[in-house]
1. Could you check the range B:67-93 and list, in sequence order, the residues that are within 14 Å of chain A (Cβ to nearest Cβ) and outside any strand (DSSP E or B)?
2. Would you check if there is a residue in the range A:91-104 being open to solvent by 60 Å² or more (accessible area, probe 1.4 Å) and under 13 Å from A:S19 (Cβ atoms)?
3. Out of the range A:1-23, which residues are open to solvent by 30 Å² or more (accessible area, probe 1.4 Å) and either modelled with pLDDT of 90 or more or of a type in the set (D, E, K, R) (or both)?
4. Go through the range B:23-42 and report how many residues are in a strand (DSSP E or B), within 25 Å of A:V87 (Cβ to Cβ) and of a type in the set (A, V, I, L, M, F, W, C).
5. Out of the range A:33-45, which residues are surrounded by fewer than 19 Cβ atoms within 10 Å (Cβ to Cβ) and in contact with a strand residue (DSSP E or B) (Cβ under 6 Å, 6 or more places away or on another chain)?
6. Consider the range A:90-100. How many of its residues are at pLDDT below 90 and facing chain B (nearest Cβ under 9 Å)?
7. For B:F102, which of the numbered conditions (1) modelled with pLDDT of 95 or more; (2) open to solvent by 10 Å² or more (accessible area, probe 1.4 Å); (3) within 14 Å of chain A (Cβ to nearest Cβ) fails to hold?
8. Would the range B:17-34 turn up any residue that is within 10 Å of chain A (Cβ to nearest Cβ), modelled with pLDDT of 95 or more and within 15 Å of B:R107 (Cα to Cα)?
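The values are calculated or read from the model by the stated rules, or taken from the named source; none is laboratory data. Bear in mind the structure is a predicted one, so any value in this text is a computation, not a measurement. Methodologically, a virtual Cβ is constructed for each residue, glycine included, from the backbone with ideal geometry; neighbour enumeration extends over all protein chains shown. In case anyone asks, the SASA skips ligands and DNA or RNA and just uses the protein heavy atoms, side chains included. Shrake-Rupley method; radii C 1.70, N 1.55, O 1.52, S 1.80 Å.
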Amino acid sequence: GESVGLHLPTLSVQEGDNSIINCAYSNSASDYFIWYKQESGKGPQFIIDIRSNMDKRQGQRVTVLLNKTVKHLSLQIAATQPGDSAVYFCAENSGGSNYKLTFGKGTLLTVNP
Amino acid sequence: NAGVTQTPKFQVLKTGQSMTLQCAQDMNHEYMSWYRQDPGMGLRLIHYSVGAGITDQGEVPNGYNVSRSTTEDFPLRLLSAAPSQTSVYFCASTDTSGDVCFGPGTRLTVT
């Protein structure tokens, strides 16, 4: 079946650097994508989302880029802080149903002070 | 609002035992879902519900039953637990605008 996947399982950055986490998706029918942050022992926490009719969306210190041509999604975190250390997941809602999300495997981001 | 609550937080079962994982939300969301998360993996959809009295299967439904008798509650039942069901279980509710809220999770170990 179709799935969402990540290119890098781990990412280690220095505090203050920018971080980029990538995600590849294969379901061309997906019209909504979400990035989640998950800290140890907790549930996924919403970071930012983007609809398929957009190619960029910015939040506070985070930017999501969507390239539908190559089915690629990325999350950019500016001025990464130790509190950003977590596992980051991309998810898609194939067919527009947010209650049926397909998740990627996750990227572990470690921020070194 | 308490958001999405799940009980218990931790549970250990022996193979063959049954149990119910509880999930409740107080936001009047129509949609609710159950996911499982295995080590090093993303979440996978088990079952979901689009309203009271309506449930459907997700990606990995085998070994699990659900019911939705009220808008607030969406329990997940394991009829005969197996070691392969050792996982962390997350319940989520979704409002009509698409915002998803996850519960804190239940960590289940089946020996």
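1. In the first step, residues of the range B:67-93 are kept if they are within 14 Å of chain A (Cβ to nearest Cβ); the result is B:68, B:71, B:74, B:87-93.
Hits for the range B:67-93 are B:R68, B:T71, B:F74.
2. no
3. Restricting attention to the range A:1-23, the residues satisfying the condition of being open to solvent by 30 Å² or more (accessible area, probe 1.4 Å) are A:1-3, A:6-12, A:14-18, A:20, A:22.
The answer is A:E2, A:T10, A:L11, A:S12, A:Q14, A:E15, A:G16, A:D17, A:N18, A:I20, A:N22.
4. Summing the residues that are in a strand (DSSP E or B), within 25 Å of A:V87 (Cβ to Cβ) and of a type in the set (A, V, I, L, M, F, W, C) in the range B:23-42 gives 3.
5. Applying the first criterion (surrounded by fewer than 19 Cβ atoms within 10 Å (Cβ to Cβ)) to the range A:33-45 yields A:39-42, A:45.
Answer for the range A:33-45, where residues must be surrounded by fewer than 19 Cβ atoms within 10 Å (Cβ to Cβ) and in contact with a strand residue (DSSP E or B) (Cβ under 6 Å, 6 or more places away or on another chain): A:E39, A:Q45.
6. Going through the range A:90-100, the residues at pLDDT below 90 turn out to be A:93-100.
Going one step further and asking which of them are facing chain B (nearest Cβ under 9 Å), we end up with A:93, A:96-100.
Number of matching residues: 6.
7. Condition not satisfied by B:F102: (1).
8. no
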